[in-house]
Every structure is written in C-alpha cells, then in structure tokens.
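Comments concern the structure below.
Throughout, read-outs are computed from the coordinates displayed, never taken from laboratory work. Just so we're clear, the structure is a prediction, and the values are computed from it rather than from any experiment. Quick reminder, even Gly has a Cβ in these numbers, built from the backbone with ideal geometry, and neighbours come from all protein chains shown.
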Amino acid sequence: MTVDQSARAAWVDQPTGRKDLQLTQTEFKLIARLARSPGRVFERGELIDECFPDNVPLDRTIDTHMCNLRYKLGAAGVRGMLVSVRGIGYRMDNTDG
C-alpha cells in the first residue's frame with residue numbers, strides 16, 4: 001500500500017495493476033497517520049486529537065472509521081494490515097495477513 005500525503009491519495013499495487021482506495025477525508029487522515037509510524041500503537045484518544053482537531057467525537061467513532069478502512073483495504077486485496085490492540089487502540093502492520 002502507498003499513501004501519498006501531497007496528493008491525498010492511497011492505493012494498493014496488485015499484480016493486475018494499481019487499485020486506488022476511495023477514502024473519505026477522515027479515513028485518509030487516519031490511514032496516513034498510522035502509515036507514518038507502522039508498528040506503533042496509537043490510542044483512540046490520540047487518533048481523535050490528530051484527526052479531528054476541530055471537534056471531539058466519541059472514541060467509538062474511530063472504531064467505525066477503522067471498520068470502513070478494513071473493508072476498503074479488504075476489497076483491494078489487503079487483509080490484516082490494520083490491527084486492533086484491545087483496550088488501547090490501533091496499529092498498522094507492515095505485513096499482509
């Protein structure tokens with residue numbers, strides 16, 4: 001998977017070609033933040049502070065966005081990249097599971 005900050009785009013390179021991810025602005029913010037530090041665990045509150053600076057959604061809002069991201073990544077052939085860390089938050093793994 002590639003995340004291009006300047007183009008605000010993300011895609012997955014497949015053997016059949018590039019598969020663009022159609023992400024909402026919030027989904028892009030989340031995946032870009034996680035991609036900058038793969039392997040690092042981010043608390044839900046930390047992701048809220050970084051990705052929702054102008055409002056304060058519920059912690060579970062992050063869970064909904066992550067579920068949507070997993071679905072979109074799965075449709076592009078990527079599974080297991082976004083990992084839930086029980087009771088804490090999320091991390092991005094480098095490997096496809």
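What is the fewest-to-most order of Arg44, Arg79 by other Cβ atoms lying within 10 Å of their Cβ?
On the way: Arg44 20, Arg79 11.
Ascending Cβ contact count within 10 Å gives the list Arg79, Arg44.
Using Cα pairs under 8 angstrom and six or more residues apart, how large is the relative contact order of the stretch 2-92, in percent?
Details: 99 pairs, mean separation 27.5, N = 91.
The normalised contact order for the stretch 2-92 reaches 30 percent.
Please give the calculated 222 nm ellipticity per residue for the chain, where each DSSP H segment of at least 4 residues contributes -39500 (n - 2.57) and the sum is spread over every residue; nearest 500 deg cm²/dmol?
Working: 3 runs with 37 residues, N = 97.
Calculated from helices alone, the mean residue ellipticity at 222 nm is -12000 deg cm²/dmol.
Which value, in debye to the nearest 20, gives the size of the charge dipole of the chain about its Cα centre, when Lys and Arg are +1 and Asp and Glu are -1 at the Cβ? Intermediate results must be reported in sequence, preceding the final value.
On the way: 14 positive and 13 negative charges, 47 e Å.
Using only the charged Cβ atoms, the result is roughly 220 debye.
With no solvent and one equal point scatterer per Cα, compute the Debye intensity ratio I(q)/I(0) for the chain at 0.17, 0.19 Å⁻¹ and report its log10, rounded to two decimals.
-0.71, -0.89
What net charge is computed for the residues neighbouring Val12, neighbours being all others with C-beta under 9 Å from the C-beta of Val12, Lys and Arg scored +1, Asp and Glu -1? Write down the numbers at each step before the final one.
Numbers: positive: Arg18, Lys19; negative: Asp13, Asp20.
Value of the local net charge: 0.
Would you please give the FRET efficiency between Phe52 and Asp20, computed as 1/(1 + (r/R0)^6) with r the Cβ-Cβ distance and R0 = 25 Å, to the nearest 0.05? Don't skip to the answer; put the middle values down first.
Working: r = 25 Å, r/R0 = 0.98.
Computed FRET efficiency for Phe52 and Asp20 comes out at 0.55.
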